[in-house]
1. Are there any pairs with C-beta distances below 6 angstrom linking a residue in the range B:52-79 that is part of a helix (DSSP H, G or I) to a residue that is modelled with pLDDT under 85 and basic (Lys, Arg), with the two at least 6 apart or on different chains, and if so which?
2. Please find, within the range A:206-216, the residue that is modelled with the highest pLDDT out of those that are out of contact with any helix residue (DSSP H, G or I) (no Cβ under 7 Å at 6 or more places or on another chain) and more than 7 Å from chain B (Cβ to nearest Cβ).
3. I'd like the full set of residues that are among the hydroxyl-bearing types (Ser, Thr, Tyr), more than 30 Å from A:Lys372 (Cα to Cα) and in a helix (DSSP H, G or I), limited to the range A:222-268.
4. Quick one: which of A:Phe434, A:Phe485, A:Phe477 is free of Cβ contacts under 8 Å to residues at least 24 places away in the same chain and closer than 19 Å to A:Val121 by Cα?
5. Scan the range B:139-158 and report the pairs whose first residue is more than 7 Å from chain A (Cβ to nearest Cβ) and whose second residue is among the hydroxyl-bearing types (Ser, Thr, Tyr), with Cβ atoms within less than 6 Å and a gap of 6+ or a chain change.
6. Being at the interface with another protein chain (Cβ under 9 Å from one of its Cβ atoms) and among the small types (Gly, Ala, Ser) is the filter here, so list the residues in the range A:264-283 that pass it.
7. Which residues, taken from the range A:324-343, are over 30 Å from the mean Cα position of the chain (by Cα), in a helix (DSSP H, G or I) and exposed (fewer than 14 other Cβ atoms within 10 Å of the Cβ)?
Amino acid sequence: MDLQTMTYCVVGATFLLYIGIAIKARAGSTGEFYVAGGGVHPIANGMATAADWMSAASFISMAGLIAFSGYGGSVFLMGWTGGYVLLAMLLAPYLRKFGKFTVPEFIGDRYYCKTTRIVAVVCLILASLTYVIGQMKGMGVAFSRFLGVEYATGLYIGMGIVFVYAVLGGMKGITYTQIAQYVVLIFAYTIPAIFISFQLTGNMIPQMGLGSTVGEDTFLLDKLDQVVTDLGFKQYTTQTMGSQLNMLAYTLSLMIGTAGLPHVIIRFFTVPSVKDARVSAGWALVFIAILYTTAPSVASMARLNLMQTVQPGEVGAADGNLKYEERPQWMKNWEKTKLLVFEDKNKDGRIQYYNDANPEFAKKAEEEYGWKGNEMVTVDKDIIVLANPEIAKLPNWVIALVVAGGLAAALSTAAGLLLAISSAVSHDLLKCTFKPDITEKEELRAGRWSMAGAIVLAGYFGLNPPDFAAGTVAIAFGLAASSIFPALMMGIFYKPMNREGAIAGMVSGIGVTLLYVFQHKGIMFIEGTSFLGDMKENWFLGITPNAFGSVGAIVNFAVAFIVSNMTPPPPQEVQDLVESIRIPRGSETPNADH
Amino acid sequence: MKESTEVTETSPEYPRIHEYWVHNLQIMGCLLVIWFLVSFGCGILWVEQLNQLTYKGVSTLCISLGVLSLLYSFFLSYTSHKEENDNGHVYATIRPVLWGIAFILLANFFGSKGAEPVRLGGFQLGFWFAQQGAIYCFVVLVFAYVRLMNKLDHKYQVEEE
């Protein structure tokens, strides 16, 4: 069977599975729609959380990013896992004890005010929608590339599928589909990694293969350091991402963004008890760690394979480089997508891939080797994971599985985010703020309509993306980190925190972050509207816009603390509420009655 | 965290609940310190020092730890001299001596390996923490938290039915 048919079969089979599960587990009540009736086993919930959490960015982009940024890529590894420690200890058990449906609901009750709730809804929608647009785009690209259709058609297919199972299924359907999606995506990620690790190092376990030897007695990482520095790149194991301060800020921003993203927090409302909420966070982290500890192995092995494919012989030798005519099939395939582009600058019919931005090496290359610049002019980092099985010459079914895995990652995250948006609109805005007399049925319908609306809106931005791929994911984290996380944390741990402090904190935190991102990346990412330019010289203390969420969070904490000390403390019943969520005893299953 | 008596929890159980909360914060604080040390510490702040840490360095570290334990044991035996020497006390003073000897043996072992940097297989130590070790530690931390909190809930009788 050829690759195209195989891909159709595998992707089709997994989709039938998801939709089947979604229809079987259809939600009947608001409780089932929002929090799956509160009866999901903690291990199952951990798996669903992991699928919810690992988006197209984790699955497709991350290993590629690490492959080209070496040690600097650690910020993603530590940032996107370390957040679960915060989530497990600071938020999950207490929010579960609170026992309601949504994050803004907690903020509204804890800060005894509808305005706080609306501010929280706005922050939530901003963060989730920016994130979901990125997923829609990833889905559109994946569908179009592998089903051989245009990008727009791919996007419509993606929208339709998300619509069917998120809108009809609600949380109950999503939870069980996400379990299936986790299984698909983790197999899709680890199987090629195991093959490649075995090929290169003889060790079946990729995590250990990374620390093993290639060939006789050279360690993989030493070899990689050698190979990349020989071509003028920075040493793989010590290359950093900006200054040390920037790496700290970046990691922190991703960590607290993780703990503040509403679609992840909402997951802990679906387990039966406070005890289960704690352990469920642990299981989620285990399931995530399987992928996150494999990713650095995939990254370094792919980089080594890539370097050695292009430069099989000695650097500088006349026949040291790959002949363009003899390039492997996977390169030809990816050239068609324009994500991999070669340009024979010195007209020798061979490909030279080296760091021509390194003046010392570029000079030497030109004078001694006759190289006229880097000839692999475009190599999109996102192709690494998808091309990996082809580079390693793995069988077709593995390649098809990777496609299905990437789609599972994008779909599950998009569905979780849509659910967070729809519950914020129908439950927080309609039912509890503007139209308290609607029936449960009407509320459900409103939830489904707002989900559909969000899909259309995200689809629209996905069709006309103003640079919305990597930038959006970073801003989504920054927004969640600087607005929702501090408000939740202080609500639980700082009893004197009042509504004035919370509102001032959220508004200033998200405001500072948005301003910083927009001033460097353009207003709503539209090119040419950035008034300070995306230049290093203009960065505050050398912190990149992607890492600025941590500064926003610090601003939020500080402003909230100062304002709350100048205004009256919260009323007694709110202080009692805080007291009560601090102990597990007496927790209830969330339900719609107040 | 300032929680004075102004809270209405006039119920007789309040002091116990308050103690539970303080204890909870202590557990959390300790675990978060470890969380910080393994990720921001070993993974970012001291990554270069860890990458360059030699066996000689580890050996020096072990010697200092060994000497400290021995000093501590002298201190213990001096202060507990006047009290009656039951078996528990003897054991308590001997333990640091054993630790001290173990550390010095370890120091000897590492010292014999010379000035080579410490490696975990092919990993430099700092790089390993940043890309592998920190994540494993996170997993252990969350499960440790679950265990400690379940025990604490039970001790203060605040667990769910």
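1. B:Tyr55/B:Lys113
2. The selected residue is A:Met208.
3. In the first step, residues of the range A:222-268 are kept if they are among the hydroxyl-bearing types (Ser, Thr, Tyr); the result is A:229, A:236-238, A:240, A:243, A:250-251, A:253, A:258.
Now drop any that are not more than 30 Å from A:Lys372 (Cα to Cα), which leaves A:243, A:250-251, A:253, A:258.
Correct list: A:Tyr250, A:Thr251, A:Ser253, A:Thr258.
4. Numbers: A:Phe485 fails: free of Cβ contacts under 8 Å to residues at least 24 places away in the same chain; A:Phe477 fails: free of Cβ contacts under 8 Å to residues at least 24 places away in the same chain.
Answer to the check: A:Phe434.
5. B:Tyr156/B:Tyr20
6. Passing the criteria: A:Ser273, A:Ala281, A:Gly282.
7. Result: A:Glu325, A:Glu326, A:Gln329.
Rundown of residues vs (1) part of a strand (DSSP E or B); (2) within 20 Å of A:Leu221 (Cβ to Cβ); (3) in contact (Cβ under 8 Å) with a residue 24 or more places away in the chain, yes/no style:
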{"position": "A:Arg278", "(1), (2), (3)": "no, no, yes"}
{"position": "A:Ile290", "(1), (2), (3)": "no, no, yes"}
{"position": "A:Ser297", "(1), (2), (3)": "no, yes, yes"}
{"position": "A:Gln308", "(1), (2), (3)": "no, yes, yes"}
{"position": "A:Pro312", "(1), (2), (3)": "no, no, no"}
{"position": "A:Val315", "(1), (2), (3)": "no, yes, yes"}
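The values are calculated or read from the model by the stated rules, or taken from the named source; none is laboratory data. As the structure is a prediction and not an experimental result, all values here were calculated from the model. Every residue, glycine among them, receives a Cβ derived from its backbone with ideal geometry; neighbour counts consider all protein chains shown.
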